[in-house]
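Q: Handing you a structure now.
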Amino acid sequence: MKLLDTTVVIDIDRGGSEVLNKARKLDSEGTHAISVVTEYEFYWGIFRRYEKGSVKYKEAMAWK
């Protein structure tokens, strides 16, 4: 199992093709996880970037 850091999770969320290809490679190699710290940082970024209740905020939060 590989532990993904916040930067990787954000890059995957943004959907860049290079990062998505790397994420697919990780999928083929086995399972991976994120820490509670990474989850917190990801949500904190959403909270700071978008107004709560806005369309963008709801879209960003929909992945969970």
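Q: With charges only on Cβ, +1 for K and R and -1 for D and E, what is the dipole size of the range 2-61 about its Cα centre, in debye, rounded to 20?
A: On the way: 10 positive and 10 negative charges, 36 e Å.
The dipole of the range 2-61 has a size of about 180 debye.
Q: Hey, what number do you get for the chain at 222 nm if only DSSP H runs of n ≥ 4 count, each worth -39500 (n - 2.57), divided across all residues, to the nearest 500?
A: Details: 4 runs with 43 residues, N = 64.
Computed ellipticity for the chain at 222 nm equals -20000 deg cm²/dmol.
Q: Continuing with the same structure: Which number gives the lysine pairs in the chain that have C-alpha atoms under 19 Å apart and are eight or more places apart or on different chains? Could you put the intermediate results ahead of the total?
A: Details: Lys2/Lys22; Lys2/Lys25; Lys52/Lys64; Lys56/Lys64.
Lysine pairs meeting both conditions in the chain amount to 4.
Q: Rounded if a/c is under 1.5, else prolate if a/b is larger than b/c, else oblate: which is the chain, with a ≥ b ≥ c the root eigenvalues of its Cα gyration tensor? The partial results should precede the final answer.
A: Working: a/c = 2.63, a/b = 1.73, b/c = 1.52.
Judged from the Cα gyration tensor, the chain comes out prolate (a/c at least 1.5, a/b above b/c).
Q: Related question: If Lys and Arg each add +1 and Asp and Glu each add -1, what is the summed charge of the other residues whose beta carbon sits under 10 Å from the beta carbon of Tyr57?
A: On the way: positive: Arg49, Lys52, Lys56, Lys58; negative: Glu51, Glu59.
Net charge in that neighbourhood comes out at +2.
Q: Given Tyr43, Val19, Gly53, which one lies farthest toward the positive end of the charge dipole of the chain, if we put +1 on the Cβ of every Lys and Arg and -1 on the Cβ of every Asp and Glu?
A: Most positive-ward Cα: Gly53.
Values in this text are rule-based calculations from the coordinates and carry no lab data. Just so you know, these numbers come straight off a predicted model, no measurement behind them. Positions of Cβ are backbone-derived with ideal geometry, glycine not excepted, and every protein chain shown enters the neighbour counts.
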